[in-house]
Amino acid sequence: DAGITQSPRHKVTETGTPVTLRCHQTENHRYMYWYRQDPGHGLRLIHYSYGVKDTDKGEVSDGYSVSRSKTEDFLLTLESATSSQTSVYFCATDGGFSLGEQYFGPGTRLTVT
Amino acid sequence: GENVEQHPSTLSVQEGDSAVIKCTYSDSASNYFPWYKQELGKGSQLIIDIRSNVGEKKDQRIAVTLNKTAKHFSLHITETQPEDSAVYFCAARGDRQGAQKLVFGQGTRLTINP
């Protein structure tokens, strides 16, 4: 357990509304990741961060933005939520070693109606 | 880019029997292959991993094998127990250049029947 918390844990929102998910870590890990998990697709990388204010796109970044103003916090924003963004979102971190284990948060279940 | 295929999507075995989950990958440059276990309502947790310079690795009841030529790797769980019931994900990663961008398989839901 790398001290990763996610908030909220569950959220129901309407199409077109903005949503922000928060990931908080206490291990001072350099790298942070946002994944979404959907049946039949496994975990897919949305965005990742390699330091404060340093972020880059992953495999499924369309419709999402991220920000990292502090080492411990990584925010995922859906500017205008769509039903296709209904999913379980996981945050992960790793300490930057070449074979470092990636630690996952408990997930946020987001439903867009 | 890398593509990882995982089979089967669901697997049901009797307690005490063995379970095998298989993954294939597409990028011959991938050199690190972790397996993660996800229990209900929780995040994924690393259970075992293997590098491309090794053909097999064991940790108690869990083993992973890697065939670089065929580009596939497998998870073997022996003497299965009820607590092994979970969703298992395989993943692959190329040479690390900065962030560890893992590519995951689709997941296997393993059920151990008492």
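Restricting attention to segment A:1-16, the residues that are buried (at least 16 other Cβ atoms within 10 Å of the Cβ) and either in a strand (DSSP E or B) or free of Cβ contacts under 8 Å to residues at least 24 places away in the same chain (or both) add up to 4.
Of the candidates A:Val88, A:Val19, A:Val52, the single residue that is without any contact (Cβ under 8 Å) to a residue 40 or more places away in the chain and among the β-branched types (Val, Ile, Thr) is A:Val52.
Inspect all residues belonging to segment B:66-81 and state whether any of them is in contact with a helix residue (DSSP H, G or I) (Cβ under 7 Å, 6 or more places away or on another chain) and surrounded by 14 or more Cβ atoms within 10 Å (Cβ to Cβ). Among the residues of segment B:66-81, at least one is in contact with a helix residue (DSSP H, G or I) (Cβ under 7 Å, 6 or more places away or on another chain) and surrounded by 14 or more Cβ atoms within 10 Å (Cβ to Cβ), which makes the answer yes. Taken as a whole, the condition of being more than 14 Å from chain A (Cβ to nearest Cβ) and either farther than 22 Å from A:Gly105 by Cβ or within 13 Å of the chain's Cα centre (by Cα) (or both) applies to B:Asn67.
Residues in segment A:86-113 that are over 19 Å from B:Leu102 (Cβ atoms) and surrounded by fewer than 21 Cβ atoms within 10 Å (Cβ to Cβ): A:Thr86, A:Arg109, A:Thr111, A:Val112, A:Thr113.
Within segment A:17-62, being closer than 17 Å to A:Arg109 by Cα and in a loop (DSSP other than H, G, I, E, B) holds for A:Thr17, A:Pro18, A:Pro39, A:Gly40, A:His41. Just one of the listed residues (B:Asp84, B:Asp49, B:Asp27) is within 11 Å of chain A (Cβ to nearest Cβ) and among the acidic types (Asp, Glu), and it is B:Asp49.
Going through (1) farther than 27 Å from A:Leu110 by Cα; (2) of a type outside the set (Phe, Trp, Tyr); (3) over 9 Å from the mean Cα position of the chain (by Cα); (4) surrounded by fewer than 21 Cβ atoms within 10 Å (Cβ to Cβ) one by one, B:Arg93 falls short only on (4).
For segment A:71-85, the candidate set comprises residues that are away from chain B (no Cβ under 14 Å) and either touching a His at 6+ places or on another chain (Cβ under 9 Å) or at pLDDT below 95 (or both); within that set, the residue that is surrounded by the fewest Cβ atoms within 10 Å (Cβ to Cβ) is A:Glu79. Any residue at all in segment B:68-88 that is in contact with an Asp or Glu (Cβ under 9 Å, 6 or more places away or on another chain) and under 23 Å from A:Ile46 (Cβ atoms)? Yes, some residue in segment B:68-88 is in contact with an Asp or Glu (Cβ under 9 Å, 6 or more places away or on another chain) and under 23 Å from A:Ile46 (Cβ atoms).
The values are calculated or read from the model by the stated rules, or taken from the named source; none is laboratory data. Worth saying up front: this structure is predicted, and the values here are computed from it rather than measured. Virtual Cβ from ideal backbone geometry, glycine too; neighbours counted across all protein chains shown.
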